[in-house]
Amino acid sequence: MRYAETGYNLEIDLSTGNIERVENDPRETELYLGGLGTNAKILWDRVPPEVEPFSPDNILIFSAGLLCGTPATGCNRTIVTTISPQTLLMAFSMMGGFWAPELKYAGYDKVIIRGKSPDLVYLWINNDKVEIRDASHLQGKGAIETMELIKQELKEPRAQVAAIGLAGENRVYFASIEQGKSSASRGGIGAVMGDKGLKAIAVRGTRDVNVARPDEFMELCKEVLDYIEFRNANPIPGVMPILAGLGSPQEMKIHDEKWHTENFSWGNSRVRRKNFWNEDIAKEWTRTLESMRKRLISCYNCPMACAATISPPGAPTYMMKCFSKLTYTMAAMSDLEFGLRIAQRATEYGVDGFSAPQVMAFALELYEDGILTDKDMEGMPSDNEGRFYWLLDRIVRREGIGDVLANGTYWAAKQIGKGAEAYAHNNIKKHEQLPLKLGMLNPIYFLMYSTGEKINITQIEGQFPQAPFPKREQREEFVKDWFQVPDERFKQYFLDWEPRGENSIPYYPTVQMTCEIVDWQEMMHYIDDALGMCAGLSSFPLKPPYHIHNYPKFISAGADIEMDEEKLKKTVKRYRTLVRANNIRRGMRRKDEKPPENHWKRRFPELEKELLDTYYKFKGWNNDGIPTKETLLDLGLDYVYEDFVKRGILKDEAETPPEDSSAEKEAK
Ligand code: SF4
């Protein structure tokens, strides 16, 4: 009997039309958990670095997290993994909603897709019955429209459908996969889906998922629900609203956007508008959101209702949550009404809400400065908002200049030349980042930005407060019920953190403390991504219901894997290192690990060097960011070590790996 997981993957070759239901190996689950962990292993095994993102040999994995489909509240993430056309590295983008639990109920942990279909198709997974169906009639349709059409065609309103829009079909490097109630947007994974000729995957399942020790598991779930109720009634005082509670930042509920609009950058991540927010704007934006927001909605098995359905007058309804509320508005220097309207079209096209607005603003900046000309922009309207719609339409169709811009600011700038590279100023590892430009270097964020491989800061931050509280009494109050810390010393780190003076950024937290804090934050996100847990209930908030102390119990009682905190930490380190190994094998090195030059005005090159040197050592990586032989063997990743030696990435050292050090043997 398999617990929490179903024990089966679906293997689909779109070139041959072959569909197989394949039993997966429980020893791999013990070593890498599920979701991201086992995805990283499959990618390592099957996609060598010679394989290009748009090769038929690149694979696209849709994985339910290990605990998806169990009663664990908020455990509903699908982890989509492939090689990104934009970063050329491993992409692992998450979506909430309902798709992953449905896949489990259909009897599968993962859908692994390889090859390419000559014609546009979609998959229909209905328990045991799995079909590749013609999608030629869906060509060019919007992602949300496609979902509805497929459900009608299948006469199955309860099917969960993940689909791409025109952007994915046309291999736009920042194309998303949409799911109606969520999307997986980063890394251009929608482009890989489109390249494979796959318009959508519909799934319906009616089976059970077993948990190993149901009474114990349900008791843990109840504790989580009780805590959610408590925290919702008792937001943390003294921190900004998005960190005071739980869930994804509650952008659909709040109207006060002073903090975002005055602290984030407008346009192509260029301009801070410090006195932007005033009473008139507050009134107007409140009216806009309240008139277009129809209903607050939740993902599967979650009471938090972080998202909303938005109905702009005269346009179809779509789902929105989190910071995409403001990305189009701020890129276009416009208002909320424009932002909510264009986001509807962008959702149907299926583009990432961080990258797409920045790419369009980047094009207009180049045009204003004469680098792109009237010839490049022939037919573009003269009004600002009209220009954004025009650019969006060109990009997703890859028409004219849109064909260049569809590759994102990094690649487009290279292609355009004439100094355009200076305008692509907000990338890390070739991907557009949150439009933030700040004053003083923050050592914690420096390391997260530099070494993160998730390519999105909001998905690697959390747990430790983003800034010190002004008074010691406030900090003392905060740490009183901060039981989520992995070790008591983190409380002291926070207690001693001052807004000014000796114990303030950039030299406090100290380099060593910074390494420990970043490692903790990253670890929690990686656990979530293997279990399928929403970061909004675990790694993102300051005081979440899921944490390092109760996660091992969930894994043991749910999946029947003996787990304690130490073993969990080592397991996470194993697959986190494997993610890095995938990227190292693709050429990622220290030179790539840096925030945008202008992310902070005040930079400290020596401190930054020390931070990176120390963190690499702390993680068991050499000075170029490559996991060392000792680290790899300790984690049972001797197959990675051997591959690195074969490829000349690490030098062969005389002794061979110990006989029984492989991860597979450890599981036996
Ligand atoms: S906390 Fe919000 S985003 Fe997370 S699962 Fe619940 S409803 Fe979805």
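Name the single residue, out of those in segment 282-309 being assigned to a helix (DSSP H, G or I) and either without any contact (Cβ under 8 Å) to a residue 40 or more places away in the chain or within 15 Å of the ligand (Cβ to nearest atom) (or both), that is most open to solvent (accessible area, probe 1.4 Å).
Per the criteria, the residue is Arg287.
Looking only at residues in segment 322-355 that are part of a helix (DSSP H, G or I) and within 16 Å of the ligand (Cβ to nearest atom), which one is modelled with the lowest pLDDT?
This residue is Ser324.
If you go through segment 238-254 one residue at a time, do you hit one that is touching a helix residue (DSSP H, G or I) at 6+ places or on another chain (Cβ under 7 Å), away from the ligand (no atom under 16 Å from the Cβ) and more than 20 Å from Lys543 (Cβ to Cβ)?
The answer is no, given that none of the residues of segment 238-254 is touching a helix residue (DSSP H, G or I) at 6+ places or on another chain (Cβ under 7 Å), away from the ligand (no atom under 16 Å from the Cβ) and more than 20 Å from Lys543 (Cβ to Cβ).
If I filter segment 155-183 down to residues being at pLDDT below 95 and over 23 Å from Asp119 (Cα atoms), which single residue comes out as surrounded by the fewest Cβ atoms within 10 Å (Cβ to Cβ)?
Ranking the candidates gives Lys181 first.
Of all residues in segment 254-270, which are in contact (Cβ under 8 Å) with a residue 40 or more places away in the chain and outside any loop (DSSP other than H, G, I, E, B)?
Result: His260, Thr261, Asn263, Trp266.
Only one residue in Cys515, Cys534 is in contact with a strand residue (DSSP E or B) (Cβ under 8 Å, 6 or more places away or on another chain) and modelled with pLDDT of 95 or more, so which one is that?
Cys534
What tally of residues in segment 7-33 results from selecting those that are open to solvent by less than 50 Å² (accessible area, probe 1.4 Å) and in contact with a helix residue (DSSP H, G or I) (Cβ under 6 Å, 6 or more places away or on another chain)?
Going through segment 7-33 one residue at a time, the tally reaches 4.
Within segment 310-321, which residues are in contact (Cβ under 8 Å) with a residue 24 or more places away in the chain, more than 13 Å from the ligand (Cβ to nearest atom) and open to solvent by less than 60 Å² (accessible area, probe 1.4 Å)?
Passing the criteria: Ile310, Pro312, Ala315, Tyr318.
Name the single residue, out of those in segment 223-258 being modelled with pLDDT of 90 or more and within 22 Å of Gly439 (Cβ to Cβ), that is most open to solvent (accessible area, probe 1.4 Å).
Per the stated criteria, the residue is Lys258.
Which of the residues belonging to segment 473-485 are in a helix (DSSP H, G or I) and open to solvent by 90 Å² or more (accessible area, probe 1.4 Å)?
Glu473, Glu477, Lys480, listed by residue number.
Residue-wise test of (1) part of a strand (DSSP E or B); (2) open to solvent by 10 Å² or more (accessible area, probe 1.4 Å); (3) within 17 Å of Gly205 (Cα to Cα).
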position: Ala100; (1), (2), (3): no, no, yes
position: Glu131; (1), (2), (3): yes, yes, yes
position: His137; (1), (2), (3): no, yes, no
position: Lys151; (1), (2), (3): no, yes, yes
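Working carefully through the options Arg590, Arg603, Arg580, find the one that is open to solvent by 60 Å² or more (accessible area, probe 1.4 Å) and in contact with an Asp or Glu (Cβ under 9 Å, 6 or more places away or on another chain).
Checking each option against the conditions leaves just Arg603.
Hey, can you tell me all the residues within segment 543-577 that are open to solvent by less than 50 Å² (accessible area, probe 1.4 Å) and either within 26 Å of Val640 (Cα to Cα) or touching a Pro at 6+ places or on another chain (Cβ under 7 Å) (or both)?
Scanning segment 543-577 gives Ile548, Ile561, Met563, Leu568, Thr571, Val572, Arg574, Tyr575, Arg576, Thr577.
Looking at segment 605-622 only, could you name the residues that are assigned to a loop (DSSP other than H, G, I, E, B) and touching a strand residue (DSSP E or B) at 6+ places or on another chain (Cβ under 9 Å)?
Scanning segment 605-622 gives a single hit, Gly620.
Identify, from the list Arg77, Arg114, the residue that is of a type outside the set (S, T, N, Q), within 15 Å of the ligand (Cβ to nearest atom) and open to solvent by 10 Å² or more (accessible area, probe 1.4 Å).
None of the other options fit; the residue is Arg77.
Having 3 or more residues that are open to solvent by less than 10 Å² (accessible area, probe 1.4 Å), at pLDDT 95 or above and within 30 Å of Asn503 (Cβ to Cβ) is the bar; report the helices (runs of 4 or more DSSP H) wholly within segment 397-470 that clear it.
443-451
The values are calculated or read from the model by the stated rules, or taken from the named source; none is laboratory data. These numbers come from a predicted model, not from an experiment. Don't worry about glycine lacking a Cβ; one is built from the backbone with ideal geometry, like all the others, and counts go over all protein chains shown. With ligands, DNA and RNA removed, areas are computed over all heavy atoms of the protein, side chains included. Shrake-Rupley method; radii C 1.70, N 1.55, O 1.52, S 1.80 Å.
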